[in-house]
There are 2 protein chains.
Amino acid sequence: MMNKSPRRGRRTGSPDTRAQILDVARRRFLAEGYEAVTLRSVAAEAGVDLALVSYFFGSKKGLFGAALALAANPAESLALVLEGEVETLPERVLTQLLHVWDDPENAAPLRAMLGGAAQDPAAGVLVSEVVQREMIDRIAARIGGADARRRACEFASHLGGLIMARYVLHLEPVASLPADEIARSYLPAMRHALRVRPAPSRAGR
Amino acid sequence: MMNKSPRRGRRTGSPDTRAQILDVARRRFLAEGYEAVTLRSVAAEAGVDLALVSYFFGSKKGLFGAALALAANPAESLALVLEGEVETLPERVLTQLLHVWDDPENAAPLRAMLGGAAQDPAAGVLVSEVVQREMIDRIAARIGGADARRRACEFASHLGGLIMARYVLHLEPVASLPADEIARSYLPAMRHALRVRPAPSRAGR
């Protein structure tokens, strides 16, 4: 399957080059963690221009998602729903989470990533860093106020519990409840974590 | 490390025999799931008396915990705290969970079990069955009432979220909060899931 022909100098934007960048990125992320890796250092080691890495992957979180072969990148999904009213952030995050994870093609590599994080310390540190920097820190910045990071961490923990029950262990009935019932069960805890009240239009429970 | 001397007939209660029973149990649990395996069928395949399996492991959940090399068996820990008032069940479960998982010797094999469940479908089915039969069903039976199983499943999911945040991904600050702060953060959601009010002595928030 591998192209064995020797290559010299700076590589161009072929599928082969993309795969080689991802090999370098995966190895460096696992060896050094998320924070220490830069697009520039990956480009240098892969022998390509920084612009090519940016062109392929956009950002470090994009490179991370591609390196772990995630069909849907949770950090990028979150970025999409952080815009908008804080009061309805729990609803938007929950809707997006169900949309992503209810698709088995997205769920399989995400589940494998979590399994790896539980079993391999280097993978655990990497996934933890990504969740903290790209998700919890962003939510904390968005909600602001006292204890923002702690509230964001509790919020993320409730999402983790839903993922564990519905998509990892497939615990019934949570695994097969429709989206509106999941919302009824989980939104109160998610809102409590962020200390936001239900949005007015949904306040009638 | 393995004792290669040939053995014949029914085995006696040596450490070697115990290890052989566990080998059989581990393989059968993964191949057939939790429900289908009986102490009797494991004893038969291992060529030992049923009484010896009972003597070593006590129950099927005990055999499961030993087969997965769990230093602390969550199903047995839960059984210990299911006695007592339903109103204070969330407190007892949370205290027990922190007691078990805060000890790294307990946490490591439990984390490996969850990682395996996320990565290997057979392990996933097995762990799911154990959690549903030995934990969610028991909690549902204890709390009773409408939707008992759904409430027990949500409750378990909140525990899963705490485990994911504090012990798998080590998300700060949840990973390093003291027990009373974890209780302040998580008990409201745990109580909401079971639909129990705070116990009177702690009702002042």
*Kindly list the number of the only condition in (1) open to solvent by 60 Å² or more (accessible area, probe 1.4 Å); (2) touching a Pro at 6+ places or on another chain (Cβ under 8 Å); (3) touching a residue at least 40 places away in the same chain (Cβ under 8 Å) that fails for residue A:110.*
(1)
*Among residues of the stretch A:125-137, those that are within 13 Å of the chain's Cα centre (by Cα) and either more than 7 Å from every other protein chain (Cβ to nearest Cβ) or of a type in the set (D, E, K, R) (or both), counted*: 7
*Which one of these is open to solvent by less than 20 Å² (accessible area, probe 1.4 Å) and more than 9 Å from chain B (Cβ to nearest Cβ): A:118, A:140, A:146, A:122?*
A:140
*asked:* Take residues that are of a type in the set (Lys, Arg) and tell me which of the helices (runs of 4 or more DSSP H) falling wholly in the stretch B:121-205 contain 1 or more.
replied: B:137-143, B:148-163, B:179-194
_Six or more apart or on different chains, Cβ atoms under 6 Å: show the pairs whose first residue is in the stretch B:158-186 and at the interface with chain A (Cβ under 9 Å from one of its Cβ atoms) and whose second is of a type in the set (Asp, Glu)._
B:185/A:154
*What number of residues in the stretch A:149-174 are open to solvent by 30 Å² or more (accessible area, probe 1.4 Å) and more than 29 Å from residue A:37 (Cβ to Cβ)?*
3
_Checking the condition charged (D, E, K, R) and open to solvent by less than 20 Å² (accessible area, probe 1.4 Å), which residue from A:76, A:87, A:91 passes?_
A:91
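The values are calculated or read from the model by the stated rules, or taken from the named source; none is laboratory data. In this text the structure is predicted, and so the values were computed from the model without any measurement. No Cβ is skipped: glycine too gets one built from the backbone with ideal geometry, and neighbour counts run over all protein chains shown. Heavy atoms of the whole protein, side chains included, go into the accessibility calculation; ligands, DNA and RNA do not. Shrake-Rupley method; radii C 1.70, N 1.55, O 1.52, S 1.80 Å.
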